[in-house]
Amino acid sequence: MPELLPFLKDLLSAPGLSIHEGPVAEMIRARWAPLVDEISLSRVGSLHALRKGTAAEPRPSVLIATHMDAIGLMVTRIEAGFLHITQVGGVDARVLPGQRVTVHGRQDLPGVVVQPSPRLLPPGFEESPVPLEYLLVDTGLPPRRVDDLVRVGDLVSFAQPPLELAGETIAGHTLDNRASVAALTVCLEGLQHCPHAWDVWAVATAAEEVGLIGASTSAFQLRPTLAIVLDVTFAKGPGASDWNTFPLGKGPTLVMGANMHPALHKALKDLADKLEIPYALEYAPTRSGTDASATQVTAEGIPSAVIGIPLRYMHTPVEVVAIKDIQRAGRLLAEFIAGLTPDFVEKITWDD
Amino acid sequence: MPAIGNPQLRLLERLSNACAVSGDEGEVRKIVLAEIEGHADEVKVDALGNVLAVKKGSQRKRLRVMLSAHMDEVGFMLVADDGEGVFRFEVIGSIDPRQLPGKAVWVGRDHTPGVIGARPIHLTTAEERKRAIPVDSLRIDLGPGGKAKPGDRATFASPFRRLGPSLLGKALDNRLGVVTLIELLRNAPPNVDLLAAFTVQEEIGLRGAKVAAFALDPDLGIAVDATPAHDLPAWDGEPAPFYNTRLGLGPAIYVADRATLSDPRLVRWLTSTAESAGIPYQVRQPGGGGTDAGAIQRARAGVPAVSVSIPHRYPHTAASLARLDDWKNTLALLHTALSRLTPDVLAEER
């Protein structure tokens, strides 16, 4: 079985900003194809991979959603060889100055986001954060070359290479949510050795960061019996210590709250206890901010659950995740799927 | 005539990727000592860690010319261990705190990778995002159990690369100057005694050059450095009046900065050399800033001094950017000027 870490690093390096997921989708398809029975793209670019179950038809199905889209930037204007930019997804402009990027023009161009000197800005930016509208991308090329190669609307990806840190952690951009894509890959590999009754739809969703577009459309098209969303959550660390943060490397989170069906949540929790997979309980009082917000209200409604992988410095180019948490989330999912009995859905009831 | 080719670019790459924060220049010093071996009559490392190399000329009536290129760079020092591989740090040299969040760093002699993160945007308020993130709230995170210790230095983890006609790296300031000086030493013209000082602690107050200039006791001094280019479009689309220097216009000759008033005879010598040799040059806009020339000028009973710098954008960030042609022209100007230097230059009226 190919190793996880090199695959994850490849995933981080693959372009795939929201609704432009083509390159990363192709990479995931190549890795998943031998693990599934059918694989195809949805109309909006989500990757649908089906592993057929062993139960008699009509079989129930579980959809595992991991969004594959990345946040990034987009060219809004070209001036004297410099690129003005806007954001795709939620980017804190304060992490942008000095970031290496790739401009996806007529060819991929390396570049850097730059903060012009205060002497080039309106008064008031000697020390204050410089807003996105005044930041520029410099490709190092002469203006005429830039005019030839770059157009307004071209995408700009982060280019910080992944770094292996201590304690079997990895740092890089877009670990939100390629870490979960890697966990789903672990799950699919685990299922090679476990017969399962249910159909499994492994879905790498498109455009989560800009409004859960892939999850809502895939859930509608595939109409699964259950949906489990795998996404990253806030890890404790510098700048993050509140109740809504969780230890890095101490297991995934099992999320409870309005978006999650309590019985499905409890089934996952009971299984984690039984398998002695460490986890933390996470509370999402209203909307979870994940694909589950969409899957839950698709069609006539789909019981949904969320598993979180703790991640530091979310939406910066140096997000940090523990490899172990990815493996634990993948294993928990595989065991859960393997344990689904044909009548499991009858247990998804309201304990009133 | 020395030139910048692939060997020089590879050396620049090694030097830009080396970590030599002010006060801890060992990694660059080691490379410099190896590169100049056999090219100088005397080499010594002084009490501060400056590398002083003397290449004597062979002609009569030679001036003793000190050329200074600082080896150190801005960076960080780990100052407290918060546990679990997380460290507090202080900034060394002038780095805009707004350049820190979301960056990878190399820590210590082994370049152990780490990151300076930032609170997730989801957990910040709009009000908070209007303020820069204070340095004392940031940490260097090596991952759980990461090994380092207070006192270790760190730099941005920012590998050198070429971008078309441009060069990108964390320490072009001043490894461009260091390679330039290595090439000048290797190709020293016979009409001068070339006193090469690869200095320390420039970024924290020109401290290495002060003692180097005393020890070398030159007739004149030239700082070879990198200077900011603020040649970007201004926010209102108007041409920027205070650009300092511009990329692509050649080496920047200093007339005045905060530390030095350049010796006018040396400025004339450099500009007339450039004009007669057809080498492009620009006069750096007078203003703030400072180079080793400031310390050299004040050494002993005073030394005529000037600076020649390679323009580069985004100084003291993870990714500064220079033009290869400007570097080539800087080396050409310095070598051509040194080759025609006679004591008459200093005999002129100021």
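The values are calculated or read from the model by the stated rules, or taken from the named source; none is laboratory data. What you see is a predicted model; the values in this text were computed from it and never measured. Note: ideal-geometry Cβ built from the backbone for every residue, glycine included; neighbour counts use all protein chains shown.
Here are a few things to note about the model shown:
- Between A:A166, A:A182, the distinction of being over 16 Å from the mean Cα position of the chain (by Cα) and modelled with pLDDT of 95 or more belongs to A:A166 only.
- For region A:132-141, filtering for residues that are outside any strand (DSSP E or B) and either surrounded by 14 or more Cβ atoms within 10 Å (Cβ to Cβ) or under 26 Å from the mean Cα position of the chain (by Cα) (or both) leaves 6.
- As for region A:173-189, it holds at least one residue that is surrounded by 24 or more Cβ atoms within 10 Å (Cβ to Cβ), in a loop (DSSP other than H, G, I, E, B) and not hydroxyl-bearing (S, T, Y).
- Taking region A:207-238 as the range and being touching a Leu at 6+ places or on another chain (Cβ under 8 Å) and in a loop (DSSP other than H, G, I, E, B) as the test, the residues that pass are A:P224, A:K236, A:P238.
- Among residues of region A:268-285 being buried (at least 19 other Cβ atoms within 10 Å of the Cβ) and closer than 17 Å to A:L332 by Cα, the one that is farthest from the other protein chains (Cβ to nearest Cβ) is A:L268.
- Region B:144-184: number of residues that are farther than 23 Å from B:S68 by Cβ, buried (at least 24 other Cβ atoms within 10 Å of the Cβ) and more than 8 Å from chain A (Cβ to nearest Cβ): 1
- For region B:18-35, the condition of being part of a strand (DSSP E or B), out of contact with any Pro (no Cβ under 9 Å at 6 or more places or on another chain), closer than 27 Å to B:W327 by Cβ and modelled with pLDDT of 95 or more holds for at least one residue.
- Total residues in region A:310-325, condition in contact with a Leu (Cβ under 7 Å, 6 or more places away or on another chain) and either among the aromatic types (F, W, Y) or crowded, with 24+ Cβ neighbours inside 10 Å (or both): 7
- Sole residue being part of a strand (DSSP E or B) and over 30 Å from B:V345 (Cβ atoms), chosen from B:V65, B:V79: B:V79
- Residue in region A:104-118 that is surrounded by the fewest Cβ atoms within 10 Å (Cβ to Cβ), counting only those that are part of a strand (DSSP E or B) and within 11 Å of another protein chain (Cβ to nearest Cβ): A:P110
- Per-region count, region A:40-60, residues part of a strand (DSSP E or B) and surrounded by 16 or more Cβ atoms within 10 Å (Cβ to Cβ): 6
- Within region A:300-325, the set of residues being in a loop (DSSP other than H, G, I, E, B) and either farther than 22 Å from A:L4 by Cβ or free of Cβ contacts under 8 Å to residues at least 60 places away in the same chain (or both) comprises A:E300, A:G301, A:I302, A:P303, A:H315, A:T316.
- With respect to the conditions (1) touching a helix residue (DSSP H, G or I) at 6+ places or on another chain (Cβ under 7 Å); (2) assigned to a helix (DSSP H, G or I), A:L264 lacks only one, and its number is (1).
- Exactly one residue out of B:G143, B:G57, B:G117 is on the phi > 0 side of the Ramachandran plot and at pLDDT 95 or above, and it is B:G143.
- A:L281 of a type outside the set (S, T, Y) and under 25 Å from A:W198 (Cβ atoms): no
- Taking the criterion of being of a type outside the set (A, V, I, L, M) and facing another protein chain (nearest Cβ under 10 Å), the residues of region A:304-323 that qualify are A:R312, A:Y313, A:H315, A:T316, A:P317, A:E319.
- Candidate set: region B:288-307, residues that are in contact with a Gly (Cβ under 9 Å, 6 or more places away or on another chain) and of a type in the set (A, V, I, L, M); chosen: the one farthest from B:P97 (Cα to Cα): B:V303
- Selection count, region B:93-107, where residues are among the charged types (D, E, K, R), at the interface with chain A (Cβ under 7 Å from one of its Cβ atoms) and over 13 Å from B:R139 (Cβ atoms): 1
- Some residue of region A:142-158 being part of a loop (DSSP other than H, G, I, E, B) and without any contact (Cβ under 8 Å) to a residue 60 or more places away in the chain: no
- Of all residues in region A:76-86 being surrounded by fewer than 19 Cβ atoms within 10 Å (Cβ to Cβ) and in contact with a Gly (Cβ under 9 Å, 6 or more places away or on another chain), the one that is farthest from A:D154 (Cα to Cα): A:E79
- The listed residues are B:R62, B:R98, and the only one of them that is farther than 25 Å from B:T317 by Cα, buried (at least 17 other Cβ atoms within 10 Å of the Cβ) and of a type in the set (D, E, K, R) turns out to be B:R62.
- Extreme residue, nearest to A:R100 (Cα to Cα), among residues of region A:124-151 that are basic (K, R) and more than 10 Å from chain B (Cβ to nearest Cβ): A:R151
- A search for C-beta distances below 7 Å between a residue of region B:121-143 that is facing another protein chain (nearest Cβ under 7 Å) and any residue that is of a type in the set (F, W, Y), counting only pairs 6+ apart in sequence or on different chains, returns B:L123/A:F234; B:R139/B:F87.
- At least 1 residues being in contact with a strand residue (DSSP E or B) (Cβ under 6 Å, 6 or more places away or on another chain), more than 14 Å from chain A (Cβ to nearest Cβ) and at pLDDT 95 or above is the threshold, and among the helices (runs of 4 or more DSSP H) wholly inside region B:235-350 those reaching it are B:264-277, B:292-297, B:324-339.
- Residue match in region A:292-299 (condition: among the small types (G, A, S), under 27 Å from A:S46 (Cα atoms) and in contact with a Phe, Trp or Tyr (Cβ under 8 Å, 6 or more places away or on another chain)): yes
- Any hit, region A:90-99, residues being assigned to a loop (DSSP other than H, G, I, E, B), on the phi > 0 side of the Ramachandran plot and at pLDDT 95 or above: yes
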